[in-house]
1. In the range B:77-105, which residues are under 19 Å from residue A:134 (Cβ atoms), assigned to a helix (DSSP H, G or I) and within 30 Å of the chain's Cα centre (by Cα)?
2. Checking residue B:257 against (1) assigned to a helix (DSSP H, G or I); (2) free of Cβ contacts under 8 Å to residues at least 24 places away in the same chain; (3) under 14 Å from the mean Cα position of the chain (by Cα), only one condition comes out false. Which one?
3. Looking at (1) surrounded by 22 or more Cβ atoms within 10 Å (Cβ to Cβ); (2) at negative phi, can you tell me which one residue B:219 breaks?
4. Across the range B:53-76, what is the total count of residues that are more than 14 Å from chain A (Cβ to nearest Cβ) and assigned to a loop (DSSP other than H, G, I, E, B)?
5. Can you list the helices (runs of 4 or more DSSP H) lying wholly within the range A:1-97 that have 3 or more residues being within 16 Å of the chain's Cα centre (by Cα) and more than 30 Å from residue B:57 (Cα to Cα)?
6. Of everything in the range B:77-100 that's in contact with a strand residue (DSSP E or B) (Cβ under 6 Å, 6 or more places away or on another chain) and within 7 Å of another protein chain (Cβ to nearest Cβ), which residue is surrounded by the fewest Cβ atoms within 10 Å (Cβ to Cβ)?
7. Which residues, counting only those in the range B:101-145, are surrounded by 14 or more Cβ atoms within 10 Å (Cβ to Cβ) and within 8 Å of chain A (Cβ to nearest Cβ)?
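The values are calculated or read from the model by the stated rules, or taken from the named source; none is laboratory data. Only a predicted model underlies this, so the values are computations on that prediction, with no experimental measurement involved. Every residue, glycine as well, gets a Cβ built from its backbone with ideal geometry; the counts of neighbours run over all protein chains shown.
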């Protein structure tokens, strides 16, 4: 028991910070690039704008290919790439590289479907006023898709917390690493259970905040 | 030159392995300031046709001229400018649900390049016009269907358009609310001298609102004319079908069954006459002349553009030969007289 407390005292703060770093960086990159790609996929597949079926199926194929790789394999394959970008792949920033690569296509699909769910008629009404695409995006598409985007962001963050445990096992740190290193390899069940409880609490809080935000922006 | 001129407009949609002709060689001329209706059943191509007028739908062939300018060959940028002068209202209102009433209208104003500082005053003016000035901060889901459509109208009028296109604008509303919207549109047409092009399958709306109309069937305009003329004297089968439906010239089947059970067999005849014709002396005169008995089954008068159309269904009994003579007499004297199929 004292051993468990000792390990947690020594390592938990650091591990939580590393997880936070990895998830934050990869979420931001995933959301930014995912939104842009999702928007492009929406724009180029919508009859009201400029359909480009060939471009769309190429991008769609790349996204599907990335997403069809199990994260464990994607992570290993990307070790050289992480080295190139972050210098040392076995750091939280190195872990964030493969997490980001997984997050972008994941969120691209979420963003695409959030935009596609916006009532076509409202988009058409926007076009009928003579508005250009960016005004329609800013004043119609974005506010109407926002609740779905927020729910998607929450889903992405929670998935990334899960994946971050996996990057932890190859040395990128984080709470996942803590659980495996001490809880599993050293039979410190107390550490394992503590990490599980902490993760459950964190995920619950994030989900709760996300639901509140999504509801706040829903008026229909 | 008419304000809106469609010349041989066709719209083809390519489906998997066939082409669907939604609009087929339509030519129409709509004058400035009139309320022009396009009626037809669902799927007749009305919505597609009306979307060619503001370029939301590009015709496969044909010309669409607004004030003499063909909009089918305009650049995207020029087309946006044209659209600012053409308002559009929809069956399902199509308001931005996560934005307030005021923000919905501000969007259209911004699209039209209206200075942001002056927008609140303009929004208030537009909402007053449609009777919703106190709802500026409400979200669409806090409004009734009729109120949503009023916001839709205010948004469509934001950039002071010359033309207002209405796509089944009353079809999602109950009868009383639809009438309110019809009256509002009439008022707007009169006050702002705006041209209204209104498509609908509701003939009740057609008879109250339109000055002139076109009847569409399967992508083709089968008949055009003044609203009164089309109601009084429809020529095409589709116009007849639509008009007869709203004028309720059909005899209830219960009555037909009862008549069929009677000992003396007779003939049902529906007479349609214009307001100027006086019918009663005609009925008694023909009855006396041809020695038949005439009973009245139903009758009513419709007013379209302040002119009356009378409908009278009668049942003629007597000798077979006398009935024939009576029918011939009616046919020769009443503007329209239709035998109702037994």
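1. Residues of the range B:77-105 under 19 Å from residue A:134 (Cβ atoms): B:77-81, B:83-84, B:96, B:98-99, B:103-104.
Next, from what is left, pick out any that are assigned to a helix (DSSP H, G or I): B:77-81, B:83-84, B:103-104.
Answer for the range B:77-105, where residues must be under 19 Å from residue A:134 (Cβ atoms), assigned to a helix (DSSP H, G or I) and within 30 Å of the chain's Cα centre (by Cα): B:79, B:80, B:81, B:83, B:84, B:104.
2. Unmet for residue B:257, out of (1) assigned to a helix (DSSP H, G or I); (2) free of Cβ contacts under 8 Å to residues at least 24 places away in the same chain; (3) under 14 Å from the mean Cα position of the chain (by Cα): (3).
3. (2)
4. Going through the range B:53-76, the residues more than 14 Å from chain A (Cβ to nearest Cβ) turn out to be B:59-65, B:67-70, B:72-73.
Narrowing the set further to residues that are assigned to a loop (DSSP other than H, G, I, E, B) leaves B:59-60, B:67-68.
Adding up the residues that qualify gives 4.
5. Working: elements: A:2-43, A:53-68, A:71-77, A:79-86.
Helices (runs of 4 or more DSSP H) meeting the threshold: A:2-43, A:53-68, A:71-77.
6. Among those that are in contact with a strand residue (DSSP E or B) (Cβ under 6 Å, 6 or more places away or on another chain) and within 7 Å of another protein chain (Cβ to nearest Cβ), it is B:90.
7. Answer for the range B:101-145, where residues must be surrounded by 14 or more Cβ atoms within 10 Å (Cβ to Cβ) and within 8 Å of chain A (Cβ to nearest Cβ): B:103, B:107, B:108, B:110, B:111, B:112, B:139, B:140.
Conditions tested, residue by residue: (1) over 27 Å from residue A:219 (Cβ atoms); (2) touching a residue at least 60 places away in the same chain (Cβ under 8 Å); (3) touching a strand residue (DSSP E or B) at 6+ places or on another chain (Cβ under 9 Å).
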{"position": "B:60", "(1), (2), (3)": "yes, no, yes"}
{"position": "B:67", "(1), (2), (3)": "yes, yes, yes"}
{"position": "B:104", "(1), (2), (3)": "no, no, no"}
{"position": "B:119", "(1), (2), (3)": "no, no, no"}
